[in-house]
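The values are calculated or read from the model by the stated rules, or taken from the named source; none is laboratory data. Remember, predicted model here, so these are calculated numbers, not experimental data. Neighbour counts run over all protein chains shown; Cβ positions are idealised from the backbone, glycine included.
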Amino acid sequence: MILSLKKGLEVKGVASASTEDDTSPTGRDWQIFRREVGAGVPSSLPFARFLDVAIMHNLFSLIDGGAHLTPLWELVRAVKSHPDAAGRSPCDLLSMVETVFKTWISASDGRYRLHPPESRPRDVDDVWMEEFHRVHFEAGVEAVLSAEAARAEFLHIVRVSYYALGDTPIRGALSQAAVCPLEFPNDLDGTEGYKRFLSFAGWFQVMRGDRTIYLPCERLGQELEVDSKTVWRYREMAMDDGLLTHVEAHKFRGKGRRGRAAGYRFDLSRFSGLAEAWSEICGGDDSESIDNQQHWPSRLPDK
């Protein structure tokens, strides 16, 4: 971690092989990482260098008030965003990460060169505990409990984080709706465009968790390739069908100022695919009933 890159961040006792300033090779990688994530473009960094700064991003996200995040949430979202991750299974992604860990252990001039010899990681398990237990603990943020816990969390987040770092919930929901469209009952009337809208709204609700979803007509019209009036009709039809509930009025903040679209809740219980997604994210805990939707797990961040 390049702790010196973050002004005012002082974590006592955290040693690192990468405590250089912004002009160092790793410091330059951090600037590239931030610029490309901000622009929403694929990373140009080789995966090993990308992982180095992604771990730093993960820690900073937790320090910056990420109480709703689990220890590896932002790391996994970052890994999924890298071009080398495209089309890979959760286990493949884990293997990619641990392959890099092995190079860090074997390189005498690498990441752990400033560690006393007796405290350098000896194997991949030690790397998990060094990066996501000891450093997290000393930074005062949530830490993994063991290497096995870290691996299990990594694989789980790959499955339930529906959009990668640098992407948006709307684009993520559209992508998920294209891959896993909802199965509609025969008595549901509507065009293919309306059904695509419902698939998007359902997955968008899954990604937002127990939060209101906002469905701006103009923005969604661009994404769905229809005009804004058609999106408005989709919303009205969905409310008539009992799938959307209007919970928050549109907010107009004056001419030239950005307002807020009307807010809705989508009834996840009406579709088995969404119910299964809920169950998977909740870890199979029946106490977090989809019929209630009052206690969506806090580990679904709004970032």
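Considered as a group, the residues in region 274-286 that are in a helix (DSSP H, G or I) and touching a Phe, Trp or Tyr at 6+ places or on another chain (Cβ under 9 Å) include one that is modelled with the highest pLDDT, and that residue is Leu274.
Among the candidates Ser199, Ser175, Ser161, the residue that is among the hydroxyl-bearing types (Ser, Thr, Tyr) and more than 24 Å from Ala85 (Cα to Cα) is uniquely Ser199. In summary, Tyr112 fulfils each of the numbered conditions (1) out of contact with any helix residue (DSSP H, G or I) (no Cβ under 6 Å at 6 or more places or on another chain); (2) at pLDDT 90 or above; (3) buried (at least 19 other Cβ atoms within 10 Å of the Cβ) with the single exception of condition (2). Please determine whether any residue of region 149-166 is under 27 Å from Glu236 (Cβ atoms) and surrounded by 21 or more Cβ atoms within 10 Å (Cβ to Cβ). Yes, because at least one residue in region 149-166 is under 27 Å from Glu236 (Cβ atoms) and surrounded by 21 or more Cβ atoms within 10 Å (Cβ to Cβ). What number goes with the only condition from (1) more than 23 Å from Glu276 (Cβ to Cβ); (2) of a type in the set (Val, Ile, Thr); (3) not in a loop (DSSP other than H, G, I, E, B) that Val144 does not pass? In the conditions (1) more than 23 Å from Glu276 (Cβ to Cβ); (2) of a type in the set (Val, Ile, Thr); (3) not in a loop (DSSP other than H, G, I, E, B), Val144 misses (3) alone. Beta carbons closer than 8 Å, at least 6 apart along the sequence or on distinct chains, pair a first residue in region 92-105 that is touching a residue at least 40 places away in the same chain (Cβ under 8 Å) with a second that is of a type in the set (Lys, Arg) and outside any helix (DSSP H, G or I) for Met96/Arg88.
Test of understanding: among Glu138, Glu130, Glu153, Glu223, which residue is modelled with pLDDT under 90, outside any loop (DSSP other than H, G, I, E, B), on the phi < 0 side of the Ramachandran plot and in the same structural domain as Ser43 (by TED's automatic domain parsing)? The conditions single out Glu138. Which of the residues that make up region 158-213 are in contact with a Pro (Cβ under 8 Å, 6 or more places away or on another chain), without any contact (Cβ under 8 Å) to a residue 60 or more places away in the chain and within 23 Å of Ala249 (Cα to Cα)? Residue satisfying the conditions is Ser199 alone.
When the residues of region 170-180 are narrowed to those that are of a type outside the set (A, V, I, L, M, F, W, C) and buried (at least 17 other Cβ atoms within 10 Å of the Cβ), which ends up nearest to His57 (Cα to Cα)?
Within region 170-180, the first condition is being of a type outside the set (A, V, I, L, M, F, W, C), and the residues that meet it are 171-172, 175-176.
Now drop any that are not buried (at least 17 other Cβ atoms within 10 Å of the Cβ), which leaves 172, 176.
Values: Gly172: 21, Gln176: 25 Å.
Among residues in region 170-180 that are of a type outside the set (A, V, I, L, M, F, W, C) and buried (at least 17 other Cβ atoms within 10 Å of the Cβ), the one nearest to His57 (Cα to Cα) is Gly172.
Met207 meets all of the listed conditions (1) modelled with pLDDT of 90 or more; (2) surrounded by 20 or more Cβ atoms within 10 Å (Cβ to Cβ) but one, namely (1).
So which residues in region 91-115 are in a helix (DSSP H, G or I) and of a type outside the set (A, V, I, L, M, F, W, C)?
To start, the set of residues in region 91-115 that are in a helix (DSSP H, G or I) comprises 91-106.
Answer for region 91-115, where residues must be in a helix (DSSP H, G or I) and of a type outside the set (A, V, I, L, M, F, W, C): Asp92, Ser95, Glu98, Thr99, Lys102, Thr103, Ser106.
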